[in-house]
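Everything below concerns the one structure shown next.
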Amino acid sequence: MSLLHGVGDFFALDLGTNSMRLIQLSGDSDRGWTLEKFAYVPIEPKITQDTSEVGRRKLAEYILGAKEQAGIRTKNVALGLPARKTYTAVVEVPNAPIKEISNSIKYGADQYIPMAVEDAEVDYAVLGVSPNDPLKAEVLITSTAKDYAEESMENLEKIGLNVIAQEPEPLAMARALAPIGLADARMLIDLGETSTDLVVVYQGAPRLVRSIPGGLASLAKTVSTSLDIHDDQARQYILRFGLAQDKMDGKVFKALDTTLETFSMELGKSVRFFQQKYVGSQVGGIVLSGFAGVIPFIAEYIEVKTSVPTVQGNPWQYVRVTPEQQQALLPVASEFAVAIGLAERSND
C-alpha cells in the first residue's frame, strides 16, 4: 500500500461526514483530464461515524450503490484519508542524492512522525533542494496509524474492491486546486463539514499542511443559536445569503462575524509562518473550495481580513466535462476537490 503513489485504472472515493463522492477520470496531467464517471451520494452522519459491524455493512451498501449509480466498473480504488487521521509535514534533511535521502527517511522516520514507526504507515516524497537553504533538501512525509489504514483497506476489500492507494485528503485537494507555473505561493482552503484543510503550495509542491477545527456544521450551529432557528435552516441561510449585509438585515453576517474573524486570523498566521520560513517568498493568493467555494461574499471577507487576494476556486479547472455533466454537478461541484485530486494521481 502507498500513501503517495498509485498505478493503473482506478476510481477515487472521498468519504465525507454526510456525503460521499466517487469519480473516475481518463487522460493525464500533460494532455488534460476528462470526466468519465461520477456520483454524489448524501449519507446520514450516524452511518459514516458508526464503527460497528452493522454500521460498516450499511456504509458498504452505500459505496457499492454509488459505484453502480456512477457506472464504474473497475474495482481499483484510491481512498482519501481525513486530515484528522493523518500527519503530514515538510521536513528538511541534509542535501544528498535522492537514494541517500530516501534511506535516511526510511530508517529514521521515527524522528519525523508523532507515533512509533512500528505502529504507523509512512510514505514520503523528496521535493528537492530547499528554497530556503541550498544545503538542505525538503521531504514531504505523511503517516497514519497502521491499524486505521489496514482497517480502512479491509473494509473495502470485503466488498470486492482493491485499494491501490490511500492519500491524505489535503494533498489530494491541493492537486486539484493548485495553479500551475506561478512564481509565488498560493494558500488552498477546503472548508468541509466539520474541519478545514489548509495547504500552501510553492514552486509546484505543498510546503505547509494544516487542518483547522470547524467547518460548515459549526457555522450553522452559530447561526442557529444566534437567530434561534434549526441547524438545517441556518445552513440554508449561509449557503444562500452568505455574508451579504443587505440580506435578512445582515443577521447571518453579524452571527458569523466573530467566528470568521478568528478563522481569518488563523489563515493570516499561516501566511506569516510560511513567509518567515521561506524568506523572500509571498503568498500571492488564497483559493477557497468546499463550502467556502460557494458561500456568498466569504472570499471578499477573508481578503479584507488577511490582506491577501482571495478567490473562490474551481477544482474542475483541469477536467473536461460535458454540458450535461456540468448541469448535474452544479449544486455540489465545489465539494469535489478531494475526489478530483485523488483521481488526478499519476499513473506512472
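The values are calculated or read from the model by the stated rules, or taken from the named source; none is laboratory data. This one's a predicted model, so the numbers in the text were calculated from it and none came from an experiment. Virtual Cβ from ideal backbone geometry, glycine too; neighbours counted across all protein chains shown. When the accessible area is computed, the model is the full protein with side chains, heavy atoms only, and any ligands, DNA or RNA have been set aside. Shrake-Rupley method; radii C 1.70, N 1.55, O 1.52, S 1.80 Å.
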Looking at (1) on the phi < 0 side of the Ramachandran plot; (2) over 19 Å from the mean Cα position of the chain (by Cα), which is the one condition that is false for residue 172?
-> (2)
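Return yes when residue 71 is of a type in the set (Gly, Ala, Ser), surrounded by fewer than 13 Cβ atoms within 10 Å (Cβ to Cβ), at pLDDT 95 or above and in contact with a strand residue (DSSP E or B) (Cβ under 9 Å, 6 or more places away or on another chain) and no when it is not. Steps first, please.
Details: of a type in the set (Gly, Ala, Ser): yes; surrounded by fewer than 13 Cβ atoms within 10 Å (Cβ to Cβ): yes; at pLDDT 95 or above: yes; in contact with a strand residue (DSSP E or B) (Cβ under 9 Å, 6 or more places away or on another chain): yes.
Judged against the criteria, residue 71 is a match.
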Among the strands (runs of 3 or more DSSP E) lying completely within the stretch 179-274, list those that include at least 1 residues that are of a type in the set (S, T, N, Q) and in contact with a helix residue (DSSP H, G or I) (Cβ under 7 Å, 6 or more places away or on another chain).
-> 195-202, 205-213
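Does the stretch 96-103 contain any residue that is within 19 Å of the chain's Cα centre (by Cα), loosely packed, with under 14 Cβ neighbours inside 10 Å, in contact (Cβ under 8 Å) with a residue 12 or more places away in the chain and in a helix (DSSP H, G or I)? First the steps, then the outcome.
Filtering the stretch 96-103 for residues within 19 Å of the chain's Cα centre (by Cα) gives none.
No, every residue in the stretch 96-103 fails to be within 19 Å of the chain's Cα centre (by Cα), loosely packed, with under 14 Cβ neighbours inside 10 Å, in contact (Cβ under 8 Å) with a residue 12 or more places away in the chain and in a helix (DSSP H, G or I).
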When you go through 289, 281 one by one, which is the residue that is in contact with a strand residue (DSSP E or B) (Cβ under 9 Å, 6 or more places away or on another chain), modelled with pLDDT under 95 and either surrounded by 18 or more Cβ atoms within 10 Å (Cβ to Cβ) or closer than 26 Å to residue 40 by Cβ (or both)?
-> 281
Would you check which residues across the stretch 18-57 are open to solvent by 30 Å² or more (accessible area, probe 1.4 Å) and either touching a strand residue (DSSP E or B) at 6+ places or on another chain (Cβ under 9 Å) or part of a strand (DSSP E or B) (or both) and list them?
-> 18, 26, 27, 28, 34, 36, 37, 38, 40, 42, 48
